[in-house]
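*Asks:* Take this structure first; my questions come after.
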Amino acid sequence: MIKDPVFQPLVINKLEIKNRICMPAMHLNMAEDFMVTDRLVQFYAERARGGAGLITVGFATVDEYSAGTTNIGAHRDDFIPGLSRLAAAIKENGARAAVQINHGGKNTHSMMIGGKTPVAASAVLSRMTRETTRALETDEIPQVIDSFAQAALRVKNAGYDAVEVLAGTGYLISSFLSPLTNQRNDEWGGCFENRMRFGVEVFKAIRKAVGPDYALLVRMNGNDLMPESVGRLDLQTFARNLVAAGADAVNINVGWHDARIPQIVTSVPRAAFGYLSKEMKEQISVPVFTGHRVHNIETARVLIRDDVCDMVAMGRALIADPYMPEKARTGREKDVVHCIACAQGCFDHLFELQQVRCLCNPKAGRESECLIKKTTTPKKVMVIGGGAAGMSAALAADERGHSVTLFEKSLELGGQLHLAGAPPGREEFRELAVDLARQVELSGVTLKLGTPVDEACLEVEKPDFVLLATGATPITLPIPGVDLPNVVQAWDVLTEKVRCGKKVAIIGGGAVGVEVALYLAEKGTPSGDAIKFLLINGVETPEDLLKIATNGTKKVVLLEMLEKVGKDIGKSTRWVMMQDLSRFGVTVKTQTKAAEITPTGVRVEIDGQIEEIQADTVVLASGSKSENAFKMVLDQKNIPYEIIGDARQIALAYDAIHNGFESGSKI
């Protein structure tokens, strides 16, 4: 029998790791004044219990210029006790523990470091913070190098199995390496060898500090994805030099934070950047990790089996389901709740200076707060509506110990998750619907599909409590012509209940309008497999293939009354979708009011002037309204209830799942 490559041990230096799954370092905003908190300990202990082989926390600071106070501190000895407590929690629950150390450089905002000016290789304007850095003086550089070494030694003394250095993503080491940010004319700048020197000296200093037998890793870019920065071939040279300086393993990252190429969102294909690890493995003799959009075990399995990498870094996947490794190891792979790369709870929260959460997992980052105690007074709970909120509520109420029945009038669970998953590159929302339905199947919830709820149903069920999760319905605009036969609803377009003509005008530039625009704009374009075939066989030039891949059969115009479209889309995702609107030729008209729909298009008002936009089909994407009329019946029958999800207030899928969980767990 062939052994599963994911669950074979890996040795780094003298450190043996039980499997090939690493949880990489991710900023969580959970430290306080650089100190490890109970929340951090509980978060990582849960991931260790879930079966990850190696857990890397951080990044941790190397000096007072490195990052803000919500990062873990490693730049003073008084941080060691907290670091030790976190290491013990990880190791006692079965995983190996590492800390990633780093200096933020140009990516550090002055407000994060007490108003001091951030430092970098040169005085440059950071595209990320919009602040100009101060160039490190030549005599300061050895001090910073030593600070890396001392931080690494603290990590070792705190009981960790390994230390990782972040040498990419535009941070300090990366800023020395890249000609975009290194404009020095001393021995630390100029030619590539000089620009590598800072990173190489950091590794030499750390190796000297921690000794020859301690596992030292580097997380570095395989490609900066920045014009005129460092590409993959030079980065391979950099990796060879870091290995010679003491690195025992290379963890491949991709891109700077300010790169304009998508790296983490759902539109990025699974393991799209795996080729960078494959090429790196051909250049160096130490283990190579790969990450970025490795969100399921099967992808990890293929990458390791096919020698693309030696280990997979699964970050958000283990936020969404900490027990993914153990479920896979014990033959329960289909029970995993997969990350859908929406970024609503993780990256978008960081942009808002909040702690990391997860759309798919309402317990993430609140492990102790979300321990559901069994009730001593079980109730008969009826959940009406099997969308995101309804499923989440039913699962929480079941975990609480109630007798739960979930009613869904259609023949499938998921509700608007199926709508969200209709546009190209967002299919994983549909996967979440499947995953949550599987959790319902595994639970004690009684499921009744194809069963609308009415008064007679209430008489039969006699519930003690009802959770009303009946969702929302699309809004029909009160404008002339809205009842014409060429007018359709966005939801019907996304579910393919209607067919649009060649020219399409979409009224409403919120999230749904943007999604419909992209959905229609890609109609008639070749699949990824087709493009690959045409490229490999030289049927068309790469330049022509780009045009073919982005030139669909629909001409789409998106109309929005406000100053910009997509205001209700998360920051991590919005810029990608705006970029795609342009690439696929969608005409966007803002500050444009639809005045009347005609048989041939839409009459709009722009700056007080009326003009007509020609369209074969007019799509209404003007939002939705809560559907909760059944509450009147519940009021009449004096049945206790709570309205949840979109039935209570129109919001994001993140809000629906978290609201459902909170409501179900408190009954």
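Every number in this text was worked out from the coordinates using simple rules, so none of it is lab data. Worth saying up front: this structure is predicted, and the values here are computed from it rather than measured. So basically every Cβ, Gly included, is an ideal-geometry build from the backbone, and we count neighbours across all protein chains shown.
*Asks:* Identify the trypsin sites (Lys or Arg not before Pro) of region 160-214 meeting these criteria: DSSP loop state and at most 11 other C-beta atoms within 10 Å of the C-beta. Show your work: numbers first, answer last.
*Replies:* On the way: sites: Arg184, Arg195, Arg197, Lys204, Arg207, Lys208; in loops: Arg184.
Those that pass, being in a loop and sparsely packed, number zero.
*Asks:* OK, next. For region 216-271, what relative contact order do you get, as a whole percent, if you take Cα pairs closer than 8 Å and at least 6 residues apart?
*Replies:* 45
*Asks:* State the label only: which of (1) 0.95; (2) 1.09; (3) 1.03 corresponds to Cα Rg over 2.2 N^0.38 Å computed from the shown model?
*Replies:* (3)
*Asks:* Using only helices, what value at 222 nm comes out for the chain when you add -39,500 (n - 2.57) per DSSP H run of length 4 or more and divide by the total residues, to the nearest 500 deg cm²/dmol?
*Replies:* So the calculated ellipticity at 222 nm is -9500 deg cm²/dmol.
*Asks:* May I pose another question? Quick check: Cα centre of region 502-543 to Cα centre of region 60-99, how many Å?
*Replies:* Centre-to-centre (Cα) distance: 46 Å.
*Asks:* For region 461-611, what is the relative contact order in percent, using Cα pairs closer than 8 Å and at least 6 residues apart in sequence? Numbers along the way, then the final one.
*Replies:* On the way: 203 pairs, mean separation 40.3, N = 151.
Across region 461-611, relative contact order equals 27 percent.
*Asks:* Oh, and also: Taking a 19 Å limit on the Cα-Cα distance, which of the listed pairs Lys106/Lys281; Lys567/Lys593; Lys14/Lys91; Lys106/Lys204; Lys448/Lys625; Lys462/Lys631 fall beyond it?
*Replies:* Details: Lys106/Lys281 30 Å; Lys567/Lys593 17 Å; Lys14/Lys91 16 Å; Lys106/Lys204 23 Å; Lys448/Lys625 25 Å; Lys462/Lys631 15 Å.
Beyond 19 Å: Lys106/Lys281; Lys106/Lys204; Lys448/Lys625.
*Asks:* Something else about it: Between 0 and 90 degrees, rounded to the nearest ten: what's the tilt of helix 428-442 against the longest Cα principal axis of the chain?
*Replies:* Helix 428-442 sits roughly 80 degrees off the main axis of the chain.
*Asks:* Considering amide H positions built from the backbone, and no H for Pro or chain starts, which residues 5 or more places from Val404, or on another chain, come under 5 Å of its amide H?
*Replies:* Sorted by chain and number, the residues that satisfy this are Val381, Thr446.
*Asks:* Give me, ordered by chain and number, the residues 5 or more places off Val466 or on other chains with an amide H under 5 Å from its own placed amide H.
*Replies:* Amide H neighbours of Val466: Met382, Tyr641, Glu642.
*Asks:* Among DSSP bridges having both ends in the chain, what percentage is antiparallel? Round to the nearest 5.
*Replies:* Antiparallel bridges: around 25 percent, rounded to the nearest 5.
*Asks:* Please figure out what share of the DSSP beta bridges in region 5-351 is antiparallel and state it in percent, rounded to the nearest 5.
*Replies:* For region 5-351, the DSSP antiparallel bridge percentage is about 15.
*Asks:* Spelling out what I want: for every residue of region 277-294, take phi, set θ = phi - 60°, compute 6.51 cos²θ - 1.76 cosθ + 1.60 (Karplus), and round to whole Hz; glycine and proline get x.
*Replies:* Once θ is set to phi - 60°, the couplings for region 277-294 become 5, 4, 5, 5, 4, 6, 9, 10, 9, 9, x, 10, 9, 10, x, 6, 6, 9 Hz.
*Asks:* Right, something else. Explain nothing, just compute: Karplus ³J(HN,Hα) = 6.51 cos²θ - 1.76 cosθ + 1.60, θ = phi - 60°, for every residue of region 201-213 in order, whole Hz, x for Gly and Pro.
*Replies:* Once θ is set to phi - 60°, the couplings for region 201-213 become 5, 4, 5, 4, 5, 5, 4, 5, 6, 9, x, x, 9 Hz.
*Asks:* Another one. Just the number, please: percent antiparallel of the DSSP beta bridges in region 487-622, rounded to the nearest 5.
*Replies:* Looking only at bridges with both residues in region 487-622, the antiparallel portion is about 45 percent.
*Asks:* How many angstrom lie between the Cα centre of region 351-405 and the Cα centre of region 594-667?
*Replies:* 24
*Asks:* Using Cα atoms only, what is the angle between the long axis of helix 232-245 and the major principal axis of the chain, expressed in degrees (0 to 90) to the nearest 10?
*Replies:* The answer is roughly 50 degrees.
*Asks:* Next up: Over the chain, calculate the relative contact order: mean separation of alpha carbon pairs under 8 Å at least 6 apart, over the residue count, as a percent.
*Replies:* This gives 11 percent for the chain.
*Asks:* Something else now. Which aspartates and glutamates, on any chain, are close to Lys547 with Cα under 17 Å apart, when same-chain ones fewer than 8 places away are left out?
*Replies:* Output for Lys547: Glu522, Asp529, Asp580.
*Asks:* Out of residues 5 or more away from Arg134 or on other chains, whose amide H comes under 5 Å of its own, with H placed 1.01 Å from N in the peptide plane?
*Replies:* Excluding prolines and chain starts, which carry no amide H, the hits are Val119, Ala120.
*Asks:* While we're on this one: With θ set to phi - 60°, apply the Karplus curve 6.51 cos²θ - 1.76 cosθ + 1.60 along region 494-511 and write out the HN-Hα couplings as whole Hz, x wherever there is a Gly or Pro.
*Replies:* 5, 9, 6, 7, 9, 10, 9, x, 6, 9, 10, 10, 10, 9, x, x, x, 4
*Asks:* Scan region 332-401 for GluC sites (Glu not before Pro) in coil per DSSP, keeping those whose Cβ has at most 14 other Cβ atoms within 10 Å, and list them by number.
*Replies:* Loop-located and lightly packed - Glu352, Glu369.
*Asks:* Alpha carbon centre of region 190-258 versus region 1-54: separation in Å?
*Replies:* Each part's Cα centre sits 22 Å from the other's.
*Asks:* For a quick check of your reading of the filter: which trypsin sites (Lys or Arg not before Pro) in region 355-388 sit in a DSSP loop and have no more than 11 other Cβ atoms within 10 Å? Don't jump to the answer; show the numbers that get you there.
*Replies:* Details: sites: Arg357, Lys363, Arg366, Lys373, Lys374, Lys379, Lys380; in loops: Arg357, Lys363, Arg366, Lys373, Lys374, Lys379.
For trypsin sites (Lys or Arg not before Pro) across region 355-388 that sit outside H, G, I, E and B with at most 11 neighbouring Cβ atoms in 10 Å, the list reads Lys373, Lys374.
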